[in-house]
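Everything on this sheet refers to the single structure shown next.
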Amino acid sequence: MTALEISGLAKEYVDSYSGDRVTAIGEVTFTVEEGEFVSILGPSGCGKTTVLNIIAGFVEQTAGTVKVGGRVVDGPGPDRGVVFQNHALFPWKTAAFGLRMKGIPAARRREIALEHLELVGLAGFENRYPHELSGGMRQRLGVARVLANEPAVMLMDEPFASIDAQTRRKLQEDLTRVFELRRPTVFFVTHDIDEAVFLSDRVVVLSRRPSRVREIVTVDLPRPRDWQGTTALPEFREIANHITALLSEGGDREGPELTAA
Amino acid sequence: MVAPTDGALDRAATRTPRRRLAVWLRRVTRTGAVRTLGPFVPIVVLWWLAAELEVFPAAFFVGPDAVLTEFLDLMRKGVLPGYLSDSLTRLAYGIGFGLLIGLPMGFLVAMSAWARRLTWPLLLFFQAIADIAWLPIVIVWFGFSLTAVTFVIVYTIVFPLVLAVVSGVEQVPQELVRAARSLGAGRFRVFVEVIVPGALPAVAGGIRTGLGYGWRALIAAEIIVGTSGVGFMMFDARRVGDVSEVFLGMIVLGVLWYAMDALVLAPFERATVERWGMVRQVEAGR
Ligand SMILES: Nc1ncnc2c1ncn2[C@@H]1O[C@H](COP(=O)(O)OP(=O)(O)OP(=O)(O)O)[C@@H](O)[C@H]1O
Ligand SMILES: [Mg+2]
């Protein structure tokens, strides 16, 4: 079943001071199936974050629709959980906030919170405030917070971008493990081609601004995946090289002929 | 600050007199009383020296001993306790009403665009009229009463508080509000769970500033409205030329403010914004 349906999405920003208009997204259409991991890649400034923010309901689109589970969405809601780049954890909270919002009783809430902390490898840290955690741990907590809330779609905007390479590798592997275990529906923004291929079932490649979908690349690599084994596969390199080519081609020549899907 | 306490080398070193002095100093300065009072020691010594050497004429400048005598005398007569409780009662009323008005008003102005548009010019206008400038008309309205003093204190506290709350709310990261919304919080929950705690560092700062202003307004009002209180005591003493009582009043003000900070404000901040890592933790005053 289709979990997320994006059709004809467009966004034009108007600078409230100068009145300048910037077309961030030209026309973007794609879907994410239930239990599927879809990444979006594209040159910097092509509107990846904007797409995610529209899906999350933080930003209003100029045209097009966003459907979650077949229903058009408007404004933020717990059906779309967001993992933020700089984690956006509440400095004053230690436990599962979203669960309380859902009206789940306290005892059960604690149970769910502990289970998910364990899942992301943070068992024993339930009484820590965010500032007492490392950058990588905070990001794990950000993932746990969303998973525990069981959203229809999990939205992630470059969650590992500001984390050192070694920790990032570990987080990517752990995210894959959690994904393979739980099969949430994930929409993942990144600019790291290897990361996108390693994590995803499909990769949406955008062109430059005003962005259109250049190609949707299917990643048919076996699961479970691990970094060493998967990246060593010849198919992995083939797909990664194909995407690299797409991105560098899209550089200067852009136009309607690039539209795909 | 962390003392290397173990290791044979270290233990041997403690035997030298200088090492021993350093260890002793560290042990002594670790206790709260010394940390609190320590910085005042040189000032008191200088003060005492200045008085002993008669740098200024004795009629204008008295030493710590004279002030201490005065303190014991006024305590025994019950004058100082009476004035103190008068001042503190006024302050408590002023602060109570000030917070009760200032905090909700601040959040209303911060959260609602139309409330802001409506009140902002008024806020700026009335903020410009200094608290003391209200005294003449307040005395006409309320006489030399508790109401008059309370009015002035409330007035002084409310404005810095409102401005602090507004800037605090503006400082709450947009991402946190978004995160809460997509975790299912409605607007009210976002306010209670995200905006209020997020604004707390600035609000705490505003309360501190507000109370400081209120405290000064109290003394000024007592000097002018003058029927009782620490401010009245000081001004009355000046009239009869009792310098040691003026000095005593100044010291009492400092001590009371310090006590309020140490007993109320600092513990509150330690339990909230500092615990949450939202402000740099300052080591002073522990
Ligand atoms: N709030 C805004 N107001 C005006 N313009 C904006 C706003 N947000 C984004 N833009 C513009 O829209 C375009 C797309 O921005 P967006 O952040 O979505 O890109 P991105 O693909 O996420 O980039 P990056 O890879 O660098 O994160 C950019 O040209 C940016 O300048
Ligand atoms: Mg971005």
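Table for the structure above
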read-out: Qualifying residue in region A:4-25 (condition: within 10 Å of ligand 1 (Cβ to nearest atom), within 21 Å of A:Val197 (Cβ to Cβ) and more than 14 Å from chain B (Cβ to nearest Cβ)); value: no
read-out: Any helices (runs of 4 or more DSSP H) falling wholly within region A:155-237 and containing at least 1 residues that are within 16 Å of ligand 2 (Cβ to nearest atom) and within 12 Å of the chain's Cα centre (by Cα); value: A:193-199
read-out: Test: B:Ile137 is of a type in the set (Val, Ile, Thr), assigned by TED's automatic domain parsing to the domain that holds B:Arg216, modelled with pLDDT of 85 or more and open to solvent by 60 Å² or more (accessible area, probe 1.4 Å); value: yes
read-out: Residue that is farthest from the other protein chains (Cβ to nearest Cβ) [pool: residues in region B:143-154 that are under 23 Å from the mean Cα position of the chain (by Cα) and open to solvent by less than 50 Å² (accessible area, probe 1.4 Å)]; value: B:Ala148
read-out: Residue that is farthest from ligand 1 (Cβ to nearest atom) [pool: residues in region A:26-74 that are in a strand (DSSP E or B), β-branched (Val, Ile, Thr) and away from chain B (no Cβ under 14 Å)]; value: A:Val72
read-out: Elements of type helices (runs of 4 or more DSSP H) in region B:155-260, at least 1 residues being buried (at least 17 other Cβ atoms within 10 Å of the Cβ) and either within 14 Å of chain A (Cβ to nearest Cβ) or on the phi > 0 side of the Ramachandran plot (or both); value: B:174-182, B:187-190, B:196-225
read-out: Residues (surrounded by 14 or more Cβ atoms within 10 Å (Cβ to Cβ) and among the basic types (Lys, Arg)) located in region A:8-65; value: A:Lys11, A:Lys48
read-out: Residues of region B:101-134 satisfying the condition of being over 26 Å from B:Glu170 (Cα atoms), open to solvent by 50 Å² or more (accessible area, probe 1.4 Å) and either hydroxyl-bearing (Ser, Thr, Tyr) or in contact with a helix residue (DSSP H, G or I) (Cβ under 6 Å, 6 or more places away or on another chain) (or both); value: B:Ile132
read-out: Hits in region B:1-48 (condition: modelled with pLDDT under 50 and open to solvent by less than 70 Å² (accessible area, probe 1.4 Å)); value: B:Ala3, B:Gly7, B:Asp10, B:Ala12, B:Ala13, B:Thr14
read-out: Long-range neighbours under 9 Å by Cβ, at least six apart or interchain, first residue under 15 Å from A:Gln85 (Cβ atoms) within region A:172-191, second basic (Lys, Arg) and not in a helix (DSSP H, G or I); value: A:Phe187/A:Arg80
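The values are calculated or read from the model by the stated rules, or taken from the named source; none is laboratory data. On a predicted model such as this, the values are computed, not experimentally measured, just so you know. So basically every Cβ, Gly included, is an ideal-geometry build from the backbone, and we count neighbours across all protein chains shown. Side chains are part of the model used for accessible areas, which takes the heavy atoms of the whole protein and leaves out ligands, DNA and RNA. Shrake-Rupley method; radii C 1.70, N 1.55, O 1.52, S 1.80 Å.
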